[in-house]
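A short write-up of the structure that comes next.
Please treat every number below as a calculation from the coordinates, not as lab data. Keep in mind it's a predicted model, so treat the numbers as computed, not measured. Using ideal geometry, Cβ is built from the backbone for each residue, glycine included, and neighbour counts are taken over all protein chains shown.
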Amino acid sequence: MEENRQITSTLVAPEYEVSQTTVLRILRKENYHLYKFQLVQELNEDDPNRRLQFCETITNLCQTNLNLQQQILFSDEATFCLNGTVNRQNYRYGSRTNPYWIIEAHTQHPQKLNVWSGIGANRVIGPFFFEETLTGERYLEFLQNDLFPALAITHSCFNKTENPALCALRS
């Protein structure tokens, strides 16, 4: 494990014809600890200033519009690599000291699945799946054909005159 810091106990066990439990027991006996790497986003030089500006803008908007949180759609997307490049739950290695191992993640990888989801007006919107690279044109199609109709259904369900059972069926 000292020669290859990225090798896992799962890979070491068959090499020495022992069980994974035996490998883990030996590592503990030798004062090795298993560490997971930390996945971090690359930060640009102007990111702290942009974040501060965003916080100040939202704070000011919240003071003038008390229902602002009901009018914002918080969303995120994630790229899942189908070749197992990043599987932090199964990717650990042993060392006597914490290496603070960090791997910078880039957003575009071959063999991937993009997933988009959002939260707005106390509801989850999505998830929506994209097998192909999400270009500007595809994202616009997603907004027009999937997201806006989903938001229209969500918005109409907050109309107190509509039958709640119908809203449940459409969600």
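Annotation note: chymotrypsin sites (Phe, Trp or Tyr not before Pro) in segment 8-65 located in DSSP loop regions with a Cβ neighbour count of at most 13 within 10 Å are Y16. Subtracting the Cα-Cα distance of Q71 and Q111 from 0.36 nm times their residue separation leaves 10.9 nm of extension gain. Estimated at 0.36 nm per residue, the fully extended path between Q41 and K29 surpasses their Cα-Cα distance by 0.8 nm. Counting 0.36 nm for each residue step from F148 to T10 and taking away their Cα separation leaves a gain of 45.1 nm.
In this calculation the C-beta distance from T59 to R96 is compared with R0 = 35 Å, giving a FRET efficiency of 0.15.
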